[in-house]
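One structure is given below, encoded as structure tokens.
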Amino acid sequence: MAKQQARDIHLVIRFSDALFGGVKTIEVHQEVIVEQGAVWLAKVGKPLGQQRIAKLNRQVETGVQTLLFLVQRKGHTYIWAKGHIAFVQRDLPESEMQLVPTYYHTSGLLQHASTWFKLVSLSGAAKESIGNLVVASSGKPIYEALTESMAAMFIVQWEG
């Protein structure tokens, strides 16, 4: 058990372009990265635990490529994006508001954010890389977990 806890972790978060007036979530976050070099992405609902936040930030500090996968269901398929995490925290730094997409301000999303992820890249994710993700707590492949659970977020690891 201790060995598994020592493994690197990554995150999968569900999102929907249908929320917030049909904003194209991936595109607007990519635009901020292109203009500013990074973007803050918010998770609403239950916040990520402080121990997990600390582990993710330690991974980044030690040079481990730490990833955030965004997933949206479209019909019978999933749309995926992959971002590289630079930092995770519970509160948005006031000094970095320029790194937040405009719709966060106009939609009221700022008030509901529970965890913030600073991303330095965000792009489509190859299906073959997604197939190697397993849920850390159960060992289930992420595709199986997505169909069986309504959870908004999964802590995942690379299989193998």
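Rundown of residues vs (1) part of a strand (DSSP E or B); (2) in contact with a strand residue (DSSP E or B) (Cβ under 9 Å, 6 or more places away or on another chain); (3) more than 13 Å from residue 41 (Cα to Cα); (4) acidic (Asp, Glu), yes/no style:
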{"position": "64", "(1), (2), (3), (4)": "no, no, yes, no"}
{"position": "68", "(1), (2), (3), (4)": "yes, yes, no, no"}
{"position": "80", "(1), (2), (3), (4)": "yes, yes, yes, no"}
{"position": "91", "(1), (2), (3), (4)": "no, yes, no, yes"}
{"position": "96", "(1), (2), (3), (4)": "no, yes, no, yes"}
{"position": "121", "(1), (2), (3), (4)": "yes, yes, no, no"}
{"position": "137", "(1), (2), (3), (4)": "no, yes, yes, no"}
{"position": "144", "(1), (2), (3), (4)": "no, yes, yes, yes"}
* Return the pairs, sorted by first residue and then second, in which the second residue is of a type outside the set (Val, Ile, Thr), the first residue lies in the stretch 14-30 and is on the phi > 0 side of the Ramachandran plot, the beta carbons are less than 6 Å apart, and the residues are 6+ apart or on different chains. => 20/103; 20/107
* Asked: How many residues, within the stretch 146-159, are in contact with a strand residue (DSSP E or B) (Cβ under 9 Å, 6 or more places away or on another chain) and either assigned to a loop (DSSP other than H, G, I, E, B) or loosely packed, with under 12 Cβ neighbours inside 10 Å (or both)?
  -> 5
* Structure fact -> Going through (1) more than 16 Å from the chain's Cα centre (by Cα); (2) modelled with pLDDT of 95 or more; (3) more than 19 Å from residue 158 (Cβ to Cβ); (4) of a type in the set (Val, Ile, Thr) one by one, residue 62 fails only at (3)
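Residue by residue, here is whether (1) under 23 Å from residue 133 (Cα atoms); (2) acidic (Asp, Glu); (3) more than 15 Å from the chain's Cα centre (by Cα) holds:
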{"position": "29", "(1), (2), (3)": "no, no, no"}
{"position": "41", "(1), (2), (3)": "yes, no, no"}
{"position": "48", "(1), (2), (3)": "yes, no, no"}
{"position": "52", "(1), (2), (3)": "yes, no, no"}
{"position": "58", "(1), (2), (3)": "yes, no, yes"}
{"position": "68", "(1), (2), (3)": "yes, no, no"}
{"position": "77", "(1), (2), (3)": "yes, no, yes"}
{"position": "81", "(1), (2), (3)": "yes, no, no"}
{"position": "85", "(1), (2), (3)": "yes, no, no"}
* To do: Can you tell me which residue among 68, 41 is at pLDDT 90 or above, within 15 Å of residue 156 (Cβ to Cβ), surrounded by 10 or more Cβ atoms within 10 Å (Cβ to Cβ) and not charged (D, E, K, R)?
  => 68
* Single condition residue 17 does not satisfy, out of (1) in contact with a helix residue (DSSP H, G or I) (Cβ under 8 Å, 6 or more places away or on another chain); (2) within 17 Å of residue 158 (Cα to Cα) -> (2)
* First in the stretch 114-126 and closer than 13 Å to residue 39 by Cβ, second anywhere and outside any strand (DSSP E or B) and basic (Lys, Arg), Cβ under 9 Å, 6 or more apart -> 116/90
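The values are calculated or read from the model by the stated rules, or taken from the named source; none is laboratory data. Owing to the predicted nature of the structure, the values given are computational and were not obtained by experimental measurement. FYI the Cβ positions are ideal-geometry reconstructions off the backbone, even for glycines, and counts take in every protein chain you see.
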